[in-house]
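The values are calculated or read from the model by the stated rules, or taken from the named source; none is laboratory data. The model shown is predicted, which means the values in this text are computed figures rather than measured ones. Neighbour counts run over all protein chains shown; Cβ positions are idealised from the backbone, glycine included. These area figures cover heavy atoms from the full protein model, side chains too; ligands, DNA and RNA do not enter into them. Shrake-Rupley method; radii C 1.70, N 1.55, O 1.52, S 1.80 Å.
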Amino acid sequence: MFRIFSALEANGLKPTLYLHQGGHGGPPPRAMLNRWFSHYLYGVDNGVENDPPLRVFLQESEAPRPHFDERKGRWIGIPEWPSKDIKMEKHYL
């Protein structure tokens, strides 16, 4: 994922990553998509080019259930990728 993000930046594009814990790459929220498409397809000056390059869904803790129709949580923006707050850790089994 980071190689694709870096390659897009190297070619003058402004990529945005959406990271969440649901399924296999479910879509970002429609409001975020609408801002992006409105700007890049229709020329709407909505400031989307100034949005953070990384959006992460922080999921709230919930009691286990067989199925969740919707997960509680919130989207946060991270100003750079990779984030300086990321630390490598070794975990042993």
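Numerical summary
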read-out	value
Inter-probe distance in nm under a simple model that places probes 7 Å from Cα toward Cβ, at Leu41 and Gln59	2.9
Among beta bridges that DSSP assigns inside the chain, antiparallel share in %, nearest 5	65
Accessible area of region 16-93 belonging to carbon and sulfur atoms, whole % at 1.4 Å probe	54
Stokes-Einstein diffusion coefficient of the chain, Kirkwood radius over Cα pairs, 25 °C, 0.890 mPa s, in µm²/s	157
Förster-model FRET efficiency, 41 Å R0, Lys90 and Ile4, C-beta, rounded to 0.05	0.95
Residues of region 31-60 with amide N under 18 Å of the 7 Å Cα→Cβ point at Ser83	51-60
Estimated distance in nm for a label pair at His67 and Ala31, the labels positioned 7 Å out from Cα along Cα-to-Cβ	2.8
Under 5 Å, built H, 5+ apart or other chain: amide partners of Gly73	Glu60
Dipole of the chain, positive end: most advanced residue of Leu54, His67, Ser38 [Cβ charges, Cα centre]	His67
